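The block underneath contains the structure these notes are about, expressed in structure tokens.
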Amino acid sequence: MAATYEPIATTTLGSSANTVTFSSISGSYTDIVAVCSVKATTGSDEVLRSQVNGDTGSNYSYTYVQGVSAGAQSGRASNTSLILTQAGNLAIPEGASTFAPYVVQYMNYSNTNTFKTILSRGAGVNQAGASVSLWRSTSAITSIRFYIAAGNFDTGSTFTLYGIKAA
Amino acid sequence: MATTYTLIDKSILGSNQASVSFTGLGSYSSTYTDLKLVASVRDTSASNYQNAKLTFNSSTSGYSDRAIRAYGGSTVDSTSGSGSSINLFYETSDSATANTFGTYEIYIPNFSSSNYKSVSIDCVTENNASDAFLGLVAGLWSNTAAITSITVAPLSGSANLKSGSSFYLYGIKNS
């Protein structure tokens, strides 16, 4: 039986950081799943973002749905510079002991014939949602960056990549 | 490289029962990083669906949750709660289409950490009629204790989990 859902790499922050990057990702899997358990330093009030292969251009788009205190919401953006790895504008929690889970799946990440679809689920404090993003490139994904636009991920935040193989 | 996403335990009901618990999870604290519970559920409530509830370590305090829900064919809303369990996710009940079980998946990262425990839940109930449910839930147990047991049950104390319901608990290790 083929081994699947293999841990590829993990990072646990020993100090706050704005960016976590995984590089030289093997192309031997079918999908990549990133599981992030994160909180931000006080005052960051920012969302969890991702880019791939160092692409900071307007080559992404996304659609999201989220449940927040204001109600159910949805939205989208085209020609944007980021993958929305959670739902909408859900800020990462800043509480002392609360880390929020986000699961991000990069589908067919090493396929060189298709653009890349990314599915995300976020479960923040008093907020839940999902998003789908598109990276308009047929290049295989070889690096994944997680970041926030302002502030930092706090100490103890974890980021883990798993490889899923279809056969 | 280690293979992960390992089946730790399972419960497949041969008769109706009030709840399902997975205990002794402290023994996995150094083996796995995260836990995932995948369930196929129907309960005995006389409705199309009802709330399920999730508790840890037999604790009945410190819980809160937020859900975005789609149901009844046209309703989308967001709701929140707090109290004695995480319970804004749903399971199929006994007035729904026969032989139909709903599904929920509960992802619990860092289950043995000394931080509060956040969970992500996806749930669906299906019914060949106008009343079915889909939800995305964020739950929080504001307790720093490592999770050593997980219990799921119908929120209504008068309902039981129905025979044929299945629950699979997986351990996921990040290295």
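Rounded to two decimal places and with Rh computed the Kirkwood way over Cα pairs, what is Rg over Rh for the protein assembly as shown? Don't skip to the answer; put the middle values down first.
Details: Rg = 19.5 Å, Rh = 20.3 Å.
Computed over Cα atoms, the ratio is 0.96.
If you put +1 on each Lys and Arg Cβ and -1 on each Asp and Glu Cβ, how big is the dipole of the protein assembly as shown around its Cα centre, in Debye rounded to 20? Walk me through the numbers before you get to the answer.
Working: 17 positive and 18 negative charges, 71 e Å.
Roughly 340 debye, rounded to the nearest 20.
Across chain B, how many lysine pairs separated by 8 or more positions, or lying on different chains, have Cα atoms within less than 19 Å?
Pairs that pass both the separation and distance tests number 10.
Who wins for biggest fluctuation among B:Ala159, B:Ala138, B:Ala129 in a Gaussian network model of chain B, springs between alpha carbons below 10 Å?
In this elastic network of chain B, the residue with the biggest mean-square fluctuation among B:Ala159, B:Ala138, B:Ala129 is B:Ala129.
Determine the dipole magnitude for segment B:37-175: charges of +1 sit on the beta-carbon of Lys and Arg, -1 on that of Asp and Glu, nothing else is charged, the reference point is the Cα centre, and the result goes in debye to the nearest 20.
Details: 7 positive and 9 negative charges, 75 e Å.
I would put it at about 360 debye.
Counting Lys and Arg as +1 and Asp and Glu as -1, what is the net charge of the other residues whose Cβ lies under 12 Å from the Cβ of B:Thr92? Intermediate results must be reported in sequence, preceding the final value.
Details: positive: B:Arg42, B:Lys162; negative: B:Asp43, B:Glu91, B:Asp94, B:Glu126, B:Asp131.
Here the charged neighbours net out to -3.
Over chain A, calculate the relative contact order: mean separation of alpha carbon pairs under 8 Å at least 6 apart, over the residue count, as a percent. Walk me through the numbers before you get to the answer.
Numbers: 494 pairs, mean separation 69.9, N = 167.
Averaging sequence separation for qualifying contacts and normalising by length gives 42 percent for chain A.
Gain in length, B:Ser29 to B:Ile12, computed as 0.36 nm per residue apart minus the alpha-carbon separation, to one decimal in nm? Could you put the intermediate results ahead of the total?
Working: separation 17, 0.36 × 17 = 6.12 nm, distance 2.44 nm.
Taking 0.36 nm per residue and subtracting the Cα distance, the gain is 3.7 nm.
For A:Tyr106, what charge total do you get from the other residues with a beta carbon under 15 Å from its beta carbon, if Lys and Arg give +1 and Asp and Glu give -1? Could the numbers behind the result be given before it?
Working: positive: A:Arg49, A:Lys116, A:Arg121, A:Arg136, A:Arg145, A:Lys165; negative: A:Glu6, A:Asp31, A:Asp55.
In short, +3.
Quick one: what are the phi-derived ³J(HN,Hα) couplings along segment B:157-163, Karplus 6.51/-1.76/1.60 with θ = phi - 60°, whole Hz, x for glycine and proline?
Per-residue couplings from phi come out as x, 8, 9, 10, 6, 8, 3 Hz.
Residue-wise, which Karplus ³J(HN,Hα) couplings in Hz belong to segment B:107-118, taking 6.51 cos²θ - 1.76 cosθ + 1.60, θ = phi - 60°, and x for glycine or proline?
9, 10, x, 6, 5, 9, 6, 9, 9, 4, 9, 9
Top mean-square fluctuation among A:Leu84, A:Leu119, A:Leu13, Gaussian network model of chain A, C-alpha springs under 10 Å?
In this elastic network of chain A, the residue with the biggest mean-square fluctuation among A:Leu84, A:Leu119, A:Leu13 is A:Leu13.
Tell me the volume per residue, in Å³, of the convex hull enclosing the alpha carbons of chain B. Each step should come with its number before you reach the end.
Details: hull volume 19.5 nm³, N = 175.
Residue-normalised Cα hull volume stands at 111 Å³.
Bear in mind that the values in this text are calculations on the coordinates, not laboratory data. A quick note: this is a predicted structure, and the numbers were derived from the prediction, not measured. Please note: Cβ atoms are built from the backbone with ideal geometry, for glycine as well, and neighbour counts cover all protein chains shown.
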